[in-house]
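Undergrad: Sharing a structure, written as structure tokens. Questions coming.
Read-outs: derived from the displayed coordinates by stated rules, not from any lab. What you are looking at is a predicted structure, and each value in this text was computed from that prediction instead of being measured. Cβ atoms come from the backbone with ideal geometry, glycine included; neighbour counts cover every protein chain shown.
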Amino acid sequence: MNVYIGLDVSLASTAVCVLDEKGKIVTEAQVASTYEALISFMGKLPQEIVAIGLEAGPLSHWLHKGMTDAGFEPVLMETRHVKAALKAMPIKTDRRDAEGIARLLQMGWFRPVHCKSVSSQEMRALLTSRKTVVNALSNIELSLRGVLRNFGLKLGQVSKGRYEARVRELIAGNAMLEAAVKPILRARANLRRELTGLEKLVRNLARQDPVCRLLMTMPSVGHIVALTFTSASDDPDRFRRSKDVGPWVGLTPGRDQSGERDIVGAITKCGDAGLRTALYQAVTVLLNRGRPNRLKAWAQRLTKLRGKKRATVALSRRIGVVLHRMWRDSTEFRFTREQAIALRTAS
């Protein structure tokens, strides 16, 4: 008898539901959220396992790798799809969620998610750490501005290097303000040192990676954008066409159609938020700096027709497509359309 296994993973334990081919529950269990415990449970099943499904989440990639190394073939299921399907159940428990995942697996009504490699996850962890430090620095600086504003002390426009000197200049002579602000300034100085170290590490990693060096031939694409794109995409062969990158990263318009109603709305935002942000920042730099190129000219024409916001989103999507094609073909960025046509003709 063939069986389908649904796993509802939480931090401490995992609910397991085993269904047969007719959708009848064979067994249910509560297992520790470690791949060793899951492998031990599945190894004791007398039936043949057709598929193992678990919802994509924080622990899912780690469990997926452990089970894959043990010879099983688990499937990561798209979170939004699973959530929408399980929402129909009036009572929500871990046991019912595991059963729902198993039934989705049995019916084939799910969308598989790519399991990223360990190196890609490590790079994403490093980029997340950098982003956390940047956000902490920004919050500290904004908080200090708010504290000083209560006393009529305005920082004004000041560079990062002169920020601390300007704050000390404003609070000089006020003992209470000095006692309140100086610990925050020391914390800011420590964060700046940590950020400098992270920036240096990330920059060196990008320079040592041949794919990142290739992607950085495109104007406005620096080491952060290149590393974010490669770590999020992981494998360029995941996509059958380069145009599939746009919908995957959530940069295509959503659509709601029912009968006579047909609404084309804002972008779906269904992909990696960090990658969308990186592409948007690259577009901002491309449109305001650097030498002319075919992408910039295309966006400027589109701005006149559809407005700057739509042109920015469209160019973000197009940059993702071009970066994927550069990666897949191992070709550098061509600044003019004539260069691109000449290269295609020569090949």
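Undergrad: Just report the Cα centroid separation between the range 295-322 and the range 68-129, whole Å.
TA: Here the answer is 34 Å between Cα centres.
Undergrad: Another question, if that's okay. How far apart, in nm, are two points set 7 Å out from the Cα along the Cα-to-Cβ line at Thr336 and at Glu194?
TA: 4.9
Undergrad: By a straight-distance test (C-alpha under 21 Å), which lysines pair with Lys92 as possible cross-link partners, with residues fewer than eight away in the same chain excluded?
TA: Candidates past the 8-residue exclusion: Lys24, Lys83.
Undergrad: Toward the positive end of the charge dipole of the chain, about the Cα centre and with charges on Cβ (Lys, Arg +1; Asp, Glu -1), which of Leu279, Leu148, Val181 goes farthest?
TA: Projecting each Cα onto the dipole axis, the largest value belongs to Leu148.
Undergrad: Please give the peptides 215-221, 225-231 ranked by average Cβ packing (other Cβ atoms within 10 Å per residue), highest first, as a rough proxy for protection.
TA: For the peptides 215-221, 225-231, the packing ranking is 225-231, 215-221.
Undergrad: Please report, in debye to the nearest 20, how large the charge dipole of the range 213-346 is about its Cα centre when each Lys and Arg carries +1 at its beta carbon and each Asp and Glu carries -1 there.
TA: Around 640 debye, computed over the range 213-346.
Undergrad: In cubic angstrom, how much convex hull volume per residue do the alpha carbon atoms of the range 146-216 span?
TA: Per-residue hull volume (Cα only) is 102 Å³.
Undergrad: Checking the table Lys65/Lys131; Lys182/Lys308; Lys87/Lys308; Lys87/Lys309; Lys116/Lys200 against a 32 Å threshold on Cα-Cα, which pairs fail?
TA: Lys182/Lys308; Lys87/Lys308; Lys87/Lys309
Undergrad: Could you state the principal axis extents of the C-alpha atoms in the range 69-169, from the largest down, to the nearest angstrom?
TA: Principal-axis extents of the range 69-169 (Cα, largest first): 68, 37, 19 Å.
Undergrad: Is the chain rounded, prolate or oblate when judged by the Cα gyration tensor, a ≥ b ≥ c being the square roots of its eigenvalues, rounded requiring a/c under 1.5 and prolate requiring a/b larger than b/c?
TA: In terms of gyration-tensor shape, oblate.
Undergrad: Please report, in debye to the nearest 20, how large the charge dipole of the chain is about its Cα centre when each Lys and Arg carries +1 at its beta carbon and each Asp and Glu carries -1 there.
TA: Taking the Cα centre of the chain as origin, the dipole is about 2460 debye.
Undergrad: Among the lysines, which fall within straight-line cross-link reach of Lys304, defined as a Cα-Cα distance under 20 Å, with same-chain neighbours fewer than 8 residues apart omitted?
TA: Output for Lys304: Lys296.
Undergrad: Here's another thing I want to ask about it. Along the positive direction of the dipole of the chain (beta-carbon charges: Lys, Arg +1; Asp, Glu -1; about the Cα centre), which of Ser13, Thr93, Val158 reaches farthest?
TA: So the residue furthest toward the plus end is Val158.
Undergrad: Students often get this wrong: which residues of the range 104-124 have the backbone nitrogen under 20 Å from the point 7 angstrom along Cα-to-C-beta of Leu201?
TA: Residues passing the 20 Å test: 117-124.
Undergrad: Right, another one. What's the extension gain from Arg328 to Arg301 if we count 0.36 nm per residue and subtract their Cα-Cα distance?
TA: Extra length from Arg328 to Arg301 when fully extended: 6.9 nm.
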